[in-house]
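Okay, so here's the structure we're looking at.
The values are calculated or read from the model by the stated rules, or taken from the named source; none is laboratory data. Everything numeric in this text was worked out from a predicted model, so none of it was measured. Ideal geometry is used to build each Cβ from the backbone, glycine not excepted, and the neighbour counts take in all protein chains shown.
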Amino acid sequence: MIDTWTDGLRLPLLMSPTRIGSRVVKNRIVSPPHGTYFAAGGRVTDQQVDYYAERAAGGVGMIVVGNMSAWSRSKTGGGQNYAFSPDAVDGHRRLADAVHEHGTLLLAQLWDGGRQGSSRASHLPLLSSSPLPDTVVREIPKQIEESEIADMISSFARSAALLEQAGWDGIELLAAQGYGLAQFLSPQMNHRQDRWGGTPENRVRVVTEIVSSIRSVVTKDFLVGVRINGDDMIAGGNTPDDAVATALLLEATGGVDYLNVSGASNENYPLWIADMGHDTAMFVDAARKIKDEVSIPVMVATRIKDPLIAESVLAEGSTDLVGMNRALIADPTMPNKIESGHLSQVRPCISCNQGCVGKTAAGGQMECTVNPRVGFEGTTIQGRVGRQSVAVVGGGPAGMQAAVVSAERGADVVLFESRDLLGGQIELASRAASRAEFGLLVEHLKRRLAALDVDVRLGVSATVADLDPFDHIFLATGSIPWRTGFSTHRPDVHAIPGHDLPHVFTAVDAFERVQHIGHRVLIAEDEFQGHATTASEFLAQNGHTVTLVSRSTSVGVWSGASQEFLYKRLRRAGVELRAHTWLDAIGERSVQAYDVFSGQTVDLGDFDSVVLATGSSVDDRLYNALGSDDRVVRIGDCLAPRRLDNAMWDGLHASDNLSIVGTALTVVPS
């Protein structure tokens, strides 16, 4: 993908202005709604202002702030903004001022979760069109009654009026992705036979009445958009043809300024934020069907993270605006880089879903694996360091990131890597077909190293003598996989009998010594980094018959919100999955295994090779050889074996140890 991101390449459609209602959007790039969970007590925080202000400064045409509760029953208990609260107006005004300073439009997506919400904070039942649970929350909701619908409609209108009072440019109603309003639109979710259900006109009525109510309390220039599903992608749900009918009914109100097309719901969560194993631009065809039938502007999002793809869908006439959410999380300056002809400098999103979806789904604030500054925009300010010399030992993600950031700050950097290629473990992971986009990060960092004239020395194992001349030494020597099969399930067993047999390998071996791996392979997983599952997929795509066992209650628990995607990929690859199973001993051909709950023997069959993925130890050999040396900072797995986001964080902050020269400060872009 990024091999086509060349400097000087112009994207005239993407960077051209367009009109929504009476407002002009300076370009076609939109930061669509997403939950950052940066708010506190329903109010805007400095963290939230800094986050959106940086994206506005980066040149995005329009920002739609997501996950804003439109009435008190929409509160989930943490990190949300309360659009319905007069107490939040001052903070909303401060956010509007910060965004408008850069000529960016600011809208709010008004949200109600319905059965996809949470009753943790309110202790009240969830409300939905019908008393049917979804497949994630699984709480049976109360069927919303007439008086509650009326209260919801009026609260949505009050929220819009308060936002206009705070200086915002408009709102977007979330009637997609299975949330509250979408639960009325979908026949799969709405089984009512009153005026709120049954026919398409009745199912859309709650949205049209909200639009009418909002229009009665705001000025004509205040924008009103609606996000709808172009395809529910579930049996009994709305099809693309149904979505066109819904779009026409919404346009007919005369009160809707644009449509934002998405798809899916909790029934196939999180498909609307699909990871790197899925196609790009997933809902463009559905958006095109809608655009062909309506006269108001249409926006589309989901896995459109390549500016060239964004340009192409505009050129095809599929949409008027492009939502590039994760691309803007990864690089908030992407629009400015496109405009200035520096496309090669854009930091790519790799759709790993570890920092964004993964963190928020686990109840935390949003982060970004490739951009560790997310959520810290107001604090990660660093100055130039002058001509200090820096040695970075190790060319994995932590080492590459540290080298790039140090060079950007003015240091003279030499990067030593013992292998003949850069990327470390993520280069290995990118060899699995569905994990190929990890390679985008490697290629981006390689580009930055070259552009910054970093001296990269491949195939060189740095010695103490090699490092003697440098002012600072950043050790990113990684970790060494355990070969013993040690498991947290049986900490008293330090090594599985038979772990030292010649047909027993580590997950790293599965990539680097694949020619030595036999046809029938057993992979044992007890780790939290995805080595076992990625090796399983890689070996299966290379013709091996793979069985993957995990001592946990399910395979790939580390994958969080993307676990269902992971299961589907592995099963499509032919990998047999066995959870809550572990190994007693490894023989020449057979493996003794047992169920971790019952202790009963499990017959797994015979295998030609066994791959153990149970963790690793820091590679501290060079660190120990250097002894007590104030120049040395360890980063990445050399400090502690963790995940990619930790490696990127360490790499960003390694240069905090350099001495700032002068008073001029510069925000580090990588």
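Can you name every residue in segment 622-639 that is at negative phi, touching a strand residue (DSSP E or B) at 6+ places or on another chain (Cβ under 9 Å) and either assigned to a loop (DSSP other than H, G, I, E, B) or not acidic (Asp, Glu) (or both)?
Selection gives 622, 623, 626, 629, 631, 632, 633, 634, 635, 638, 639.
So is residue 470 more than 25 Å from residue 278 (Cβ to Cβ) and aromatic (Phe, Trp, Tyr) or not? Lay out the reasoning, then the answer.
On the way: more than 25 Å from residue 278 (Cβ to Cβ): yes; aromatic (Phe, Trp, Tyr): yes.
For residue 470, the condition - more than 25 Å from residue 278 (Cβ to Cβ) and aromatic (Phe, Trp, Tyr) - is met.
Residues of segment 1-53 being surrounded by 15 or more Cβ atoms within 10 Å (Cβ to Cβ), of a type in the set (D, E, K, R) and closer than 24 Å to residue 337 by Cβ, which ones?
26, 28, 50
Suppose we filter 466, 453 for residues that are outside the structural domain of residue 342 (by TED's automatic domain parsing) and either without any contact (Cβ under 8 Å) to a residue 40 or more places away in the chain or part of a loop (DSSP other than H, G, I, E, B) (or both); which single one remains? I'd like the intermediate steps shown before the answer.
Working: 466 fails: either without any contact (Cβ under 8 Å) to a residue 40 or more places away in the chain or part of a loop (DSSP other than H, G, I, E, B) (or both).
Among 466, 453, only 453 is outside the structural domain of residue 342 (by TED's automatic domain parsing) and either without any contact (Cβ under 8 Å) to a residue 40 or more places away in the chain or part of a loop (DSSP other than H, G, I, E, B) (or both).
Tell me which residues, restricted to segment 17-40, are under 20 Å from residue 93 (Cα atoms) and free of Cβ contacts under 8 Å to residues at least 24 places away in the same chain.
none
Using the structure shown, decide if residue 492 is among the acidic types (Asp, Glu) and closer than 29 Å to residue 417 by Cβ. I'd like the intermediate steps shown before the answer.
Working: among the acidic types (Asp, Glu): yes; closer than 29 Å to residue 417 by Cβ: no.
No; evaluated as a whole, the condition is false for this residue.
Run down 232, 242 and say which single residue is acidic (Asp, Glu) and buried (at least 24 other Cβ atoms within 10 Å of the Cβ).
Being acidic (Asp, Glu) and buried (at least 24 other Cβ atoms within 10 Å of the Cβ) holds for just one of 232, 242, which is 232.
When the residues of segment 408-434 are filtered to those that are in a helix (DSSP H, G or I) and modelled with pLDDT under 95, which remaining residue is surrounded by the fewest Cβ atoms within 10 Å (Cβ to Cβ)? Spell out the reasoning first.
The first filter runs over segment 408-434 and keeps only residues in a helix (DSSP H, G or I), leaving 408, 424-429, 433-434.
Keeping just the survivors that are modelled with pLDDT under 95 gives 408, 433-434.
Details: 408: 20, 433: 13, 434: 20.
Checking each candidate, the answer is 433.
Pick out the one residue from 395, 378, 341 that is small (Gly, Ala, Ser), assigned to a loop (DSSP other than H, G, I, E, B), closer than 30 Å to residue 659 by Cβ and at pLDDT 95 or above. Please lay out each step first, then the result.
On the way: 378 fails: at pLDDT 95 or above; 341 fails: closer than 30 Å to residue 659 by Cβ.
So the residue among 395, 378, 341 that is small (Gly, Ala, Ser), assigned to a loop (DSSP other than H, G, I, E, B), closer than 30 Å to residue 659 by Cβ and at pLDDT 95 or above is 395.
Could you tell me which of the residues 74, 85 is surrounded by fewer than 22 Cβ atoms within 10 Å (Cβ to Cβ) and under 30 Å from residue 254 (Cβ atoms)?
85 is the lone residue from the list that is surrounded by fewer than 22 Cβ atoms within 10 Å (Cβ to Cβ) and under 30 Å from residue 254 (Cβ atoms).
Do we find a residue being among the charged types (D, E, K, R), outside any loop (DSSP other than H, G, I, E, B) and free of Cβ contacts under 8 Å to residues at least 24 places away in the same chain anywhere in segment 172-179?
Our first condition is that a residue be among the charged types (D, E, K, R); within segment 172-179, this holds for 172.
After this cut, where a residue has to be outside any loop (DSSP other than H, G, I, E, B) as well, the list is 172.
In the following step, the residues that additionally are free of Cβ contacts under 8 Å to residues at least 24 places away in the same chain were identified as none.
No, every residue in segment 172-179 fails to be among the charged types (D, E, K, R), outside any loop (DSSP other than H, G, I, E, B) and free of Cβ contacts under 8 Å to residues at least 24 places away in the same chain.
Please determine whether any residue of segment 142-149 is more than 28 Å from residue 274 (Cα to Cα), acidic (Asp, Glu), without any contact (Cβ under 8 Å) to a residue 60 or more places away in the chain and in a loop (DSSP other than H, G, I, E, B).
Yes: one or more hits.
Results for (1) modelled with pLDDT of 95 or more; (2) hydroxyl-bearing (Ser, Thr, Tyr); (3) more than 23 Å from the chain's Cα centre (by Cα), shown as yes or no for each residue.
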| site | (1), (2), (3) |
| --- | --- |
| 566 | no, no, no |
| 600 | yes, no, yes |
| 607 | yes, no, yes |
| 610 | yes, no, yes |
| 636 | yes, no, no |
| 669 | no, no, no |
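Out of the residues in segment 10-47 that are over 26 Å from residue 307 (Cβ atoms) and polar (S, T, N, Q), which is nearest to the chain's Cα centre (by Cα)?
My answer is 47.
Could you check how many residues of segment 78-125 are part of a loop (DSSP other than H, G, I, E, B) and over 27 Å from the mean Cα position of the chain (by Cα)?
Restricting attention to segment 78-125, the residues satisfying the condition of being part of a loop (DSSP other than H, G, I, E, B) are 78-80, 83-85, 101-104, 112-113, 117-125.
Checking the rest, the ones that are also over 27 Å from the mean Cα position of the chain (by Cα) come to 84-85, 101, 122-125.
So the count comes out to 7.
Any idea which residue in segment 553-567 is nearest to residue 277 (Cα to Cα), counting only those that are small (Gly, Ala, Ser) and surrounded by 20 or more Cβ atoms within 10 Å (Cβ to Cβ)?
Let us first name the residues in segment 553-567 that are small (Gly, Ala, Ser), namely 554, 556, 559-562.
Pick out the ones that are also surrounded by 20 or more Cβ atoms within 10 Å (Cβ to Cβ) and you get 556, 559, 561-562.
Values: 556: 15, 559: 13, 561: 14, 562: 10 Å.
This residue is 562.
Among 496, 473, which is the only one that is assigned by TED's automatic domain parsing to the domain that holds residue 410, crowded, with 21+ Cβ neighbours inside 10 Å and in contact (Cβ under 8 Å) with a residue 24 or more places away in the chain? Let's see the steps before the verdict.
Working: 496 fails: assigned by TED's automatic domain parsing to the domain that holds residue 410.
None of the others qualify; the one that does is 473.
Would you kindly identify the helices (runs of 4 or more DSSP H) lying entirely within segment 221-330 that contain at least 2 residues that are acidic (Asp, Glu) and over 19 Å from residue 11 (Cβ atoms)?
On the way: elements: 240-251, 284-291, 307-315, 325-330.
By residue number, 240-251.
So which of 508, 521, 456, 514 ends up being over 30 Å from residue 586 (Cβ atoms) and at pLDDT 95 or above? Before you say what the answer is, go through the steps one by one.
On the way: 508 fails: over 30 Å from residue 586 (Cβ atoms); 521 fails: over 30 Å from residue 586 (Cβ atoms); 514 fails: over 30 Å from residue 586 (Cβ atoms).
Checking each option against the conditions leaves just 456.
Testing residue 142 on (1) surrounded by fewer than 22 Cβ atoms within 10 Å (Cβ to Cβ); (2) closer than 26 Å to residue 239 by Cβ; (3) touching a Leu at 6+ places or on another chain (Cβ under 7 Å), one condition comes back false. Which one is that?
Against the list (1) surrounded by fewer than 22 Cβ atoms within 10 Å (Cβ to Cβ); (2) closer than 26 Å to residue 239 by Cβ; (3) touching a Leu at 6+ places or on another chain (Cβ under 7 Å), residue 142 comes up short only on (2).
Report, ordered by the first and then the second residue, all pairs with beta carbons closer than 6 Å, sequence separation of six or more or different chains, a first member in segment 94-108 that is free of Cβ contacts under 8 Å to residues at least 60 places away in the same chain, and a second member that is of a type in the set (Phe, Trp, Tyr).
If the second residue must be of a type in the set (Phe, Trp, Tyr), the pairs left are 99/52.
Please determine whether any residue of segment 638-657 is at pLDDT below 95, more than 31 Å from the chain's Cα centre (by Cα) and within 30 Å of residue 534 (Cα to Cα).
Checked against the condition, which is being at pLDDT below 95, more than 31 Å from the chain's Cα centre (by Cα) and within 30 Å of residue 534 (Cα to Cα), segment 638-657 yields no hits at all.
Starting from residues that are closer than 21 Å to residue 426 by Cβ and part of a loop (DSSP other than H, G, I, E, B), keep the ones in segment 528-554 and report whichever is modelled with the highest pLDDT. Before the answer, list the steps.
Taking segment 528-554 first, the residues closer than 21 Å to residue 426 by Cβ are 528-542, 548.
Restricting the remaining residues to those that are part of a loop (DSSP other than H, G, I, E, B) gives 528-530, 542.
Working: 528: 87, 529: 89, 530: 93, 542: 96.
Only one residue fits best here, namely 542.
Residues checked against (1) of a type in the set (Gly, Ala, Ser); (2) in the same structural domain as residue 277 (by TED's automatic domain parsing); (3) in contact with a Pro (Cβ under 7 Å, 6 or more places away or on another chain):
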{"site": "388", "(1), (2), (3)": "no, no, no"}
{"site": "391", "(1), (2), (3)": "yes, no, no"}
{"site": "395", "(1), (2), (3)": "yes, no, no"}
{"site": "403", "(1), (2), (3)": "yes, no, no"}
{"site": "444", "(1), (2), (3)": "no, no, yes"}
